[in-house]
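Participant: Shown below is the structure under consideration.
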Amino acid sequence: MSPSQFARVLRAAADEAERVAADEAAERRDWIDQTRSMLGRRRHCAAVRRRVAAAHPDAAIVGRRYLLSITAHGEELRLVGSRLRLVKTETTAERLRRRLGIEVTKTIENGRPR
């Protein structure tokens, strides 16, 4: 192979590499990174690392950006939501009544609570 043919092959390979990189960038443009994630940075990055380790195609680490596809982000939100429990917090007044052993009974006079 002559040097000019070799140079032509290298140019074609470089052009193809640019096209592939542009396609992947366009494909991941709609992905969510840790700065826009509703999971929060730590949970988002942990989810991406877990999915990348499991070889899922819906997560990627590109430089310092941890990317999740929109579908994967939704799955992670549902997963986190199922783990979280809503805990009713006790108000200061309720805590004081409980400590003092005071029971609150509501009486209604003339249609109004008293």
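Participant: What ranking of Ser4, Ser69 emerges when the number of other C-beta atoms within 10 Å of each C-beta is taken as an exposure proxy, fewest first?
Facilitator: Details: Ser4 8, Ser69 19.
Listed from fewest to most nearby Cβ atoms, that is Ser4, Ser69.
Participant: Say each of Ala55 and Leu10 gets a label point 7 Å from the Cα, pointing the same way as Cα to Cβ; how far apart are those two points in nm?
Facilitator: Using points 7 Å along Cα→Cβ, the separation is 3.4 nm.
Participant: Could I ask something else about it? Report the label-to-label distance for Ile102 and Leu77 in nanometres (one decimal), using points 7 Å from each Cα along the Cα→Cβ vector.
Facilitator: Calculated label separation equals 4.3 nm.
Participant: Give me, ordered by chain and number, the residues 5 or more places off Gln34 or on other chains with an amide H under 5 Å from its own placed amide H.
Facilitator: Tyr66
Participant: What order do you get for Arg36, Arg49 when you list them from fewest to most C-beta neighbours inside 10 Å? Walk me through the numbers before you get to the answer.
Facilitator: Numbers: Arg36 9, Arg49 13.
Ordered from fewest to most neighbouring Cβ atoms within 10 Å, Arg36, Arg49 come out as Arg36, Arg49.
FYI, it's all coordinate maths here, none of it is from the lab. As the structure is a computational prediction, the values presented were derived from the model and not from experiment. Every residue, glycine as well, gets a Cβ built from its backbone with ideal geometry; the counts of neighbours run over all protein chains shown.
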